[in-house]
1. For a quick check: with amide H placed at 1.01 Å from N, whose amide H comes under 5 Å from GLY36's, ignoring anything fewer than 5 positions away on the same chain?
2. Please go through the residue pairs LYS116/LYS207; LYS77/LYS131; LYS77/LYS207 and name each one whose alpha carbons sit more than 19 Å apart in this structure.
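Values in this text are rule-based calculations from the coordinates and carry no lab data. These figures come from a predicted structure and were not determined experimentally.
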Amino acid sequence: MPDLPHLLAFIAAGWLLNLTPGPDVLYVVTNSLRSGVRAGIVAGLGITAGCFVHIFAAAVGVGTLMATSATAFTVLKYIGAAYLLYLGVRMVLSRAKPPADLDAAAAAVSGERSLKAIFLGGFWTNVLNPKVALFFLAFVPQFIAPGADNKALYFVLLGVLFNLNAIPVNVGWALAAGWMAHRGAVQKGMHWLDRVAGVLFIGFGLKLAFTDAPAVRIGH
C-alpha cells in the first residue's frame, strides 16, 4: 500500500474526480430532483455497485482485455452508448406533470419498485461504460509500488477505497439537488430540466459511441 502522503493524495484525487460533472453526477442529480433525496442516494449506490464490478473485473484481467482488445472495447462501448441514448431520449420525451401533482408523483416514484429501478439504472450506467474500467486501470496503478508482491490485491483495496470515498460525494450531490427541488421555480420548470438532462445524456452517449479505445499502460 502507498505511504500516508501518497494515500492522502489518492483520496484527494478521488474526491476531485468524483466531483467532476459527468453521467454519474447527472444521474444522481436528475433522480434527486425528480423523486427526492432518497432516490438520488439510491442512484449513487447503484453507481457505486457498478464501479465495484469494474474494480474486481480489472483485478482478474477483464479490464486488461478491454484495454488491449479493440473488439471487446467496441462491443461494450456501443452497448453503453445505446443505454445512455435510451435514458436521454426517454427523458426528452417525458411528459410534463401539473405542479399540483409533483408531490404525489414524487411519493409514487419513491416506491420500492421504483427505487430498485433507479438503483439498477445507476448500476448499468457504470457497468456498460468501458471507460470506467480503463479509468481504474490507468489511475489506480500509479499508487501501487513497483515492488509490491501482490499488485492485484493492492489494486482491489485501492479501488474499493476510491469507490467508498465516492459515496459521500454522491450523497452531497443528492442533498443539493433535493434542496433545489423544493424551490418553486425549479418545480415549475421540472419538465424542462428533464429535457436538458436528457439532451446531456444523449451527448454523453454519442461521445462514448465515437470514443476510440485508448492505449492504456497496465502496471509500471
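1. For GLY36, no residues qualify.
2. The pairs that break the limit, which is 19 Å between Cα atoms, are LYS116/LYS207.
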